[in-house]
Amino acid sequence: MTSDKLLDGKVALITGAGRGIGRDYALAFANAGAKVLVNDLGGTTGGEGADRVPAMEVAKEIEDGGGKAVVNFDSVVDFSAAQGMVDQCKEELGGLDVVVNNAGILRDVIFHKMTEEDWDSVIAVHLKGSFNVSRAAATVFREQQSGAFIHMTSTSGLIGNFGQANYAAAKLGIAGLSKSIALDMSRFNVRSNCISPFAWSRMIGTIPIGDEAERERVEKLKTMTTAKIAPVAVALCSDRSKVTGQIFGVRNNEIFLMGQSRPVRSVHRGEGWTPEMVLEHAIPAMEANFFQLDRSADVFSWDPI
Ligand code: NAD
């Protein structure tokens with residue numbers, strides 16, 4: 001079947017590939033014919049500690065299935081370590097064609113209690129980490145005039161959520177990073193897209209269960225398996241895709257094309273605006289189109305299909 005070998009001969013660098021969505025990315029990319037660098041620091045959801053076992057198990061599973069995989073335990077936070085991941089792909093797997101920036105941590109806390117460390121650590125792993133690996137790969141992609149990036153964003157940033165100012169800022173920043181890479185590198189035939197997943201992983205497995213309604217909600221969330229995200233990533237990274245600069249939501253059997261910010265309404269006064277006129281004219285004229293303080297769950301208000 002041709003669809004099984006969409007990535008034949010390709011090399012994929014996947015960060016945070018020891019667990020969750022990243023693990024399923026690694027297995028699916030290998031299944032589609034790619035050789036895979038399985039990067040994972042092996043920390044806790046909050047980013048502490050290091051455990052090499054998850055990445056080694058994923059690589060072993062790929063090799064046991066007849067694929068080719070190598071492991072890397074470095075942190076995406078370290079710029080030179082990111083260069084090392086790219087070098088390792090070239091040296092041990094013969095090149096680099098795909099980067100999936102998937103590594104992530106959470107430090108959820110209500111904004112007025114968020115510490116500098118909560119902010120810095122989440123921005124470092126998600127936003128800086130995505131930059132680090134992308135920048136290292138960009139040199140290779142530019143030279144070979146081809147390459148594909150997948151970056152993981154989130155509806156926590158694209159829409160909103162409580163207690164995730166650090167994560168939301170990082171994830172919306174990643175959407176900007178992806179679009180910028182798509183613009184800057186299209187001249188080199190390089191594509192860059194975002195995936196905004198919904199999947200049951202340890203990252204959302206920390207949701208506290210208070211009552212029966214919450215238990216039912218969590219049971220529904222568990223139906224959104226991490227393996228359902230990978231087909232979209234594999235498709236976007238294959239040579240059959242020309243797609244770039246897009247953001248796709250993926251939830252169980254649903255795929256969404258997410259919006260990107262555009263003006264929705266404008267008002268104009270030939271003589272210019274005073275603050276009073278803004279209050280009396282501009283705001284009433286635009287208010288019908290104001291956005292509610294929606295959270296992701298308000299917008300995705302129906303159960304996963
Ligand atoms: P997960 O915690 O199961 O997996 C994340 C992996 O990243 C872990 O194996 C962890 O060890 C690794 N990691 C953390 N910091 C690292 C670092 N500095 N360097 C290298 N590896 C590191 O989480 P997941 O739910 O599979 O999330 C994967 C990605 O998808 C994340 O970017 C997350 O923000 C995003 N995401 C997930 C959901 C969801 O519903 N699960 C929703 C929106 C976005």
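Just checking, which of Ile229, Ile159 is in contact (Cβ under 8 Å) with a residue 40 or more places away in the chain, surrounded by fewer than 23 Cβ atoms within 10 Å (Cβ to Cβ), closer than 24 Å to Asp294 by Cβ and within 15 Å of the ligand (Cβ to nearest atom)?
Values: Ile229 fails: surrounded by fewer than 23 Cβ atoms within 10 Å (Cβ to Cβ).
Step by step, each of Ile229, Ile159 is checked, and only Ile159 is in contact (Cβ under 8 Å) with a residue 40 or more places away in the chain, surrounded by fewer than 23 Cβ atoms within 10 Å (Cβ to Cβ), closer than 24 Å to Asp294 by Cβ and within 15 Å of the ligand (Cβ to nearest atom).
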Being closer than 28 Å to Asn101 by Cα, among the hydrophobic types (A, V, I, L, M, F, W, C) and in contact with a Leu (Cβ under 8 Å, 6 or more places away or on another chain) is true for just one of Ile305, Ile229, Ile255, Ile204. Which residue is that?
Ile204
Residue, surrounded by the fewest Cβ atoms within 10 Å (Cβ to Cβ), within segment 13-35, restricted to residues that are assigned to a strand (DSSP E or B) and within 15 Å of the ligand (Cβ to nearest atom)
Leu13
Here the residues within segment 248-270 that are in a strand (DSSP E or B) and either surrounded by 13 or more Cβ atoms within 10 Å (Cβ to Cβ) or on the phi > 0 side of the Ramachandran plot (or both) are Phe248, Gly249, Val250, Arg251, Glu254, Ile255, Phe256
What about Asp97, is it under 25 Å from Ser178 (Cα atoms) and either among the charged types (D, E, K, R) or touching a Phe, Trp or Tyr at 6+ places or on another chain (Cβ under 9 Å) (or both)?
yes
Restricting segment 73-108 to residues that are surrounded by fewer than 20 Cβ atoms within 10 Å (Cβ to Cβ) and acidic (Asp, Glu), the one farthest from the ligand (Cβ to nearest atom) turns out to be Glu91
Within segment 207-224, of all residues that are in contact (Cβ under 8 Å) with a residue 60 or more places away in the chain and more than 10 Å from the ligand (Cβ to nearest atom), the one farthest from Ala30 (Cα to Cα) is Lys220
Does segment 36-49 contain any residue that is surrounded by fewer than 19 Cβ atoms within 10 Å (Cβ to Cβ) and assigned to a helix (DSSP H, G or I)?
no
Which one of Ala124, Ala199 is of a type in the set (Gly, Ala, Ser) and farther than 25 Å from Val299 by Cβ?
Ala124
Among the numbered conditions (1) in contact with a strand residue (DSSP E or B) (Cβ under 6 Å, 6 or more places away or on another chain); (2) of a type outside the set (Lys, Arg); (3) buried (at least 23 other Cβ atoms within 10 Å of the Cβ), tell me where Val70 comes up short.
(3)
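Only one of Trp273, Trp200 is within 11 Å of the ligand (Cβ to nearest atom) and of a type in the set (Phe, Trp, Tyr). Can you tell me which?
Details: Trp273 fails: within 11 Å of the ligand (Cβ to nearest atom).
Only one candidate passes the filter, namely Trp200.
The numbers here are math on the coordinates, done by the rules we state, and not lab data. Computed from a predicted structure; not experimentally measured. All Cβ positions, even for glycine, are placed from backbone atoms using ideal geometry, and neighbour counts span all protein chains on display.
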